[in-house]
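Here, each number is a calculation from the coordinates, and none is a lab measurement. These figures come from a predicted structure and were not determined experimentally. Backbone-built Cβ (ideal geometry, glycine too); neighbour counts: all protein chains shown.
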Amino acid sequence: MLQIDPNSISAYTNRGIAYAKLGQQQRAIQDYNQVLRINPNNAHAYNIRGFANYFLKELGRACKDWQKACELGVCSGLSWAKKEGHCQL
């Protein structure tokens, strides 16, 4: 799909999710970063990149991603993190 449409948000998102499920968080983040280059206001990409950063023990980055996602309308990651005591922004 990416060879056909190198700006496919869904292809990068889905591949990133697949990498994350395989425990390849850094590769997942690369795909989420590409989504955000294409659309800097993609709340879902910030939210799932937050979880990838969390699993890499990059809590500061994770909290920033979840905060940005929430500002853009997707607050599930930030809500979870605050409930778990991870992000006290």
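Report, to the nearest 10°, how far helix 9-21 tilts away from the longest principal axis of the Cα atoms in the chain, using its own Cα long axis and a range of 0 to 90°.
The angle comes out at about 60 degrees.
With no solvent and one point per C-alpha, what does the Debye sum give as log10 I(q)/I(0) for the stretch 1-75 at q = 0.27 Å⁻¹?
Each listed q maps to, in turn, -1.22.
How far, in degrees from 0 to 90, does helix 25-38 lean away from the longest principal axis of the Cα atoms of the chain, to the nearest 10?
70
Give me the distance in nm between label points sitting 7 Å out from Cα along the Cα-to-Cβ direction at GLN26 and LEU59, one decimal.
Each label point lies 7 Å from its Cα, and together they span 2.3 nm.
Looking at the chain, which trypsin sites (Lys or Arg not before Pro) are in a loop (DSSP not H, G, I, E or B) and have at most 13 other Cβ atoms within 10 Å? Display every interim value, and only then the final one.
Working: sites: ARG15, LYS21, ARG27, ARG37, ARG49, LYS57, ARG61, LYS64, LYS68, LYS82, LYS83; in loops: LYS57.
Here the sparse-neighbourhood loop sites are LYS57.
Can you tell me the orientation of helix 43-55 relative to the chain, as the angle in degrees between its alpha-carbon axis and the longest Cα principal axis, to the nearest 10?
Computed tilt is about 70 degrees.
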